[in-house]
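The values are calculated or read from the model by the stated rules, or taken from the named source; none is laboratory data. Only a predicted model underlies this, so the values are computations on that prediction, with no experimental measurement involved. Every residue, glycine among them, receives a Cβ derived from its backbone with ideal geometry; neighbour counts consider all protein chains shown.
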Amino acid sequence: MSPEFLYFIETVINGLMSGVMYSLVALGFVLIFKASGIFNFAQGVMALFAALTLVGLQTGQVPFAHLINAIFGTEIHHFGWELPAAVAIAGTLVVMVAFAWIFEKLVLKHLVNQEPIILFMATIGLAYFLEGFGDLMWGSDVKTLNVGIPSGGSFWWEDVTKTWAAEGSDYFGMYIDVLDVYAAVIAVILVIALTAFSQYTRTGRALRAVADDHQAAQSVGISLRSIWVIVWSIAGFVALVAGIMWGSKSGVQFSLSLIALKALPVLILGGFTSIPGAIIGGLIIGVGEKLAELYIGPLVGGAIENWFAYVVALVFLLFRPQGLFGEKIIERV
Amino acid sequence: MLYREAGDFKSTYAADQQTFPIRSERMLFWMAMAVAFIAMPLLLGAYPEGSTYWVKAILLPFLVWSMIALGLNILTGYCGQVSLGTGGFMAVGAFACYKLMTAFPDLNIVICIVLSGAVTAGVGVLFGLPSLRIKGFYLAVATLAAQFFLVWMFNKFAWFYNYSASGQITAPERTILGIAVTGPNSAPWATYLLALTLLFAFAWVARNLTRGRIGRSWMAMRDMDIAAEIMGVSPLQAKLSAFAVSSFYIGMGGAMFFSIYLGAAEVTEAFGIDKSFDALFMVIIGGLGSILGAFLGAGFIVLFPIFLTVVMRDGLGWPTATVEHFQIMIVGGLIIFLLIVEPHGLAQLWRLTKEKLRLWPFPY
């Protein structure tokens, strides 16, 4: 095979991998949107918050250390212990569930029946609140997250692909991050688990009922409010997974919350109401971005990765507003 | 007493639509304007050393952001189209202003600013086209495309910043009646007066636009687009004109932001997505669909961080980073709180206060 073709394959594979990462965030959006009709802008910040909490628990940071130091003039920062990753993850999960419960109690309950756009703006407010809260709690410095997932390029794959190239061409093999492969596997497991959960459990059936029709679900005795807590908890769990993946890849820092913005075009492409749509939309955006950077980028000066996804989404919106797999938008008067 | 009237004696539509229906309110308004236009510049001119901080940190940001919030309020508050592309449109205004100022050195700065508003209006209509097919947060995503694309464009193509090595644009000195209003030698009181005059004129235009035929068509579109269409409001005209007018204001705001307020700007830093959110917050906190709300919201978002910094950093001695986190958190919490308690924002609170004052001290 010629090196050009191998480069193409490498780009596609790496695009697919980063697409999986987008899908992880988009998944959380879809879950909440289906169950409560809320477009949760704060999903990315939830991922950031989960990752911050995880690192904080793992390294035994004292929450609100900066604030306590500022008020009482103390010098505390760490408890002096380190938790194993599994315990820290469980602890973070508890925090995310508690967050879902508090958010439902304090905010969602009062915003029932408001227009979607008001709810959307409320989640923008939530994003800001959570960002400030997370930074206040754990500090805003860049942290490294290590839960034991290996990372770095795969030498084995490099050696294998080197033999594919034509004799005599100076091709040095493909670079693939092992972490990305793990992320892809975890994403697949997550989707299977979520699908199984919504198909085969009582709660899952209730979730689907609420997604189909709020009023009908309520009339057969499903409590909307507890469903919301469950959905936001699951979204918190998905955010935690996304936070672990993105955090181990590029460190836990503010830019993590910006992946939420990248997930928006993914959703438009895949449709707001479809879980497979979120996955496939993510893959398309991931591959499209990388290929566009490779082939169109040089023509217009590069760095088009920032907006390419949005423009694709924009064009898509004009022709198929409901996305690839979404339910058709019907307006009733 | 202020805010008292003896009953509701409106017999014409014009009287009903009056901006300041009560005489004492009109007097209050003109007194405030007299202070803003005459007393403030004199005061700032008399104390040149202290005035720089006041103008640069409080007055100019307030005036410029009010202009931007007015623009966004026309689009989001009056026409119901959510936009997250404000930062990008501000950048269009700023760069148009820069290109005009450097290409035509003799052109008056006021004309430059208004023309850059017109350029932005054109760009706004272009990015408003998707609004004819989509709405709600779908549209918000479409405007995000504008935000990222425009910032990228101004960053990538050196023509926009005249091939300067740093990628920065710097406002050259321009004068009005021989007094420098842009550039490093500008007098604080002069920049203040210029920004105030522009804002006053265009706020007056905005108020009259929104209560006229075009404004009513926007509001009909916002309240229920299908019903409006059946009544004969053309969605094409209503939505695109809202995008055009809103972008015009935001573009002028961006031009003022760059030329009068900052003096120099780098596109990714000065016109990032956080500016879009700031503007949206101003509109929500101030009050959707209210001219007064744009001013209240801008004042709040500009003054609140300064207030927190003074109290927490200077008063309590907390580190700057902690104060900043607090500020983000409180603004976010406040957005949620206001959406729950008072979705119409500070302007509605003001309206309610006036109602209460009318009945005070004997409410039914």
When region B:96-112 is checked residue by residue, the ones that are assigned to a helix (DSSP H, G or I) and over 18 Å from residue B:267 (Cβ atoms) are B:103, B:109, B:110, B:111, B:112
Of the residues in region B:267-310 that are more than 13 Å from every other protein chain (Cβ to nearest Cβ) and more than 30 Å from residue B:222 (Cβ to Cβ), the one that is nearest to the chain's Cα centre (by Cα) is B:270
Within 10 Å of another protein chain (Cβ to nearest Cβ), over 19 Å from the mean Cα position of the chain (by Cα) and either under 28 Å from residue B:294 (Cβ atoms) or polar (S, T, N, Q) (or both): is that true of residue B:171 in this structure? no
Inside region A:75-125, the number of residues satisfying the requirement of being of a type in the set (Phe, Trp, Tyr), in contact with a helix residue (DSSP H, G or I) (Cβ under 6 Å, 6 or more places away or on another chain) and either loosely packed, with under 12 Cβ neighbours inside 10 Å or at pLDDT below 85 (or both) is 1
Scanning region B:94-146 residue by residue, those charged (D, E, K, R), away from every other protein chain (no Cβ under 14 Å) and in contact (Cβ under 8 Å) with a residue 24 or more places away in the chain turn out to be B:99
Taking region B:101-142 and keeping residues modelled with pLDDT under 85, of a type outside the set (Val, Ile, Thr) and crowded, with 19+ Cβ neighbours inside 10 Å leaves B:130, B:131, B:135, B:137, B:138, B:139, B:140, B:142
* Asked: What do you reckon, is residue A:325 in contact (Cβ under 8 Å) with a residue 40 or more places away in the chain and part of a loop (DSSP other than H, G, I, E, B)?
  -> yes
When every residue in region B:310-352 that is surrounded by 12 or more Cβ atoms within 10 Å (Cβ to Cβ) and polar (S, T, N, Q) is compared, the one nearest to residue B:24 (Cα to Cα) is B:348
Checked B:358, B:313 against criteria (in a helix (DSSP H, G or I), more than 14 Å from chain A (Cβ to nearest Cβ) and more than 20 Å from residue B:83 (Cβ to Cβ)); the one match is B:358
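Being touching a Leu at 6+ places or on another chain (Cβ under 6 Å), in contact (Cβ under 8 Å) with a residue 60 or more places away in the chain and within 17 Å of residue A:183 (Cα to Cα) is the requirement here; does residue A:27 meet it?
Details: touching a Leu at 6+ places or on another chain (Cβ under 6 Å): no; in contact (Cβ under 8 Å) with a residue 60 or more places away in the chain: yes; within 17 Å of residue A:183 (Cα to Cα): yes.
Against the criterion (touching a Leu at 6+ places or on another chain (Cβ under 6 Å), in contact (Cβ under 8 Å) with a residue 60 or more places away in the chain and within 17 Å of residue A:183 (Cα to Cα)), residue A:27 does not qualify.
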In region B:326-353, residues that are among the aromatic types (Phe, Trp, Tyr) and closer than 15 Å to residue B:288 by Cβ total 1
Note on residue B:24: of the conditions (1) modelled with pLDDT under 80; (2) within 29 Å of residue B:279 (Cβ to Cβ); (3) among the hydroxyl-bearing types (Ser, Thr, Tyr), unmet is (2)
Residue B:182: passes all of (1) in contact (Cβ under 8 Å) with a residue 12 or more places away in the chain; (2) in a loop (DSSP other than H, G, I, E, B); (3) within 14 Å of chain A (Cβ to nearest Cβ); (4) β-branched (Val, Ile, Thr) but (3)
Of the residues that make up region B:307-324, is at least one β-branched (Val, Ile, Thr) and within 30 Å of residue A:114 (Cβ to Cβ)?
no
Residue A:292 modelled with pLDDT of 80 or more, part of a helix (DSSP H, G or I), surrounded by fewer than 24 Cβ atoms within 10 Å (Cβ to Cβ) and not hydroxyl-bearing (Ser, Thr, Tyr) | yes
Picking from A:267, A:318, the residue that is within 23 Å of residue B:273 (Cα to Cα), assigned to a helix (DSSP H, G or I) and out of contact with any His (no Cβ under 9 Å at 6 or more places or on another chain) would be A:267
Based on what the data block shows, is residue A:263 closer than 24 Å to residue A:96 by Cβ, of a type in the set (Gly, Ala, Ser) and at pLDDT 75 or above? yes
Per the list (1) away from chain B (no Cβ under 14 Å); (2) in contact with a helix residue (DSSP H, G or I) (Cβ under 9 Å, 6 or more places away or on another chain); (3) farther than 30 Å from residue B:319 by Cβ; (4) in a helix (DSSP H, G or I), residue check on residue A:148 breaks on (4)
Scan region B:229-251 and tell me whether some residue there is among the basic types (Lys, Arg), more than 14 Å from chain A (Cβ to nearest Cβ) and touching a Ser or Thr at 6+ places or on another chain (Cβ under 8 Å). yes
| task | Assess whether residue B:353 counts as being assigned to a helix (DSSP H, G or I), of a type in the set (Ser, Thr, Tyr) and within 9 Å of chain A (Cβ to nearest Cβ). | result | no
Q. Going by the structure shown, is residue B:189 surrounded by fewer than 20 Cβ atoms within 10 Å (Cβ to Cβ), of a type outside the set (S, T, N, Q) and in a helix (DSSP H, G or I)?
A. no
When every residue in region B:143-178 that is of a type in the set (Ser, Thr, Tyr) and assigned to a helix (DSSP H, G or I) is compared, the one surrounded by the most Cβ atoms within 10 Å (Cβ to Cβ) is B:143
Exactly one of B:238, B:242 is in a helix (DSSP H, G or I) and over 19 Å from the mean Cα position of the chain (by Cα), and that residue is B:238
Among the residues of region A:105-145, the number that are at the interface with chain B (Cβ under 8 Å from one of its Cβ atoms), under 18 Å from residue B:319 (Cβ atoms) and among the aromatic types (Phe, Trp, Tyr) is 1
*State yes or no: is residue B:279 assigned to a helix (DSSP H, G or I), over 23 Å from residue B:184 (Cβ atoms) and of a type in the set (Gly, Ala, Ser)?*
yes
Scanning region A:304-313 for residues that are assigned to a helix (DSSP H, G or I) and either more than 7 Å from chain B (Cβ to nearest Cβ) or under 13 Å from residue A:288 (Cβ atoms) (or both) gives A:305, A:307, A:308, A:309, A:310, A:311, A:312, A:313
ask   = Among the residues of region A:278-298, is any acidic (Asp, Glu), closer than 28 Å to residue B:157 by Cα and within 12 Å of another protein chain (Cβ to nearest Cβ)?
value = no
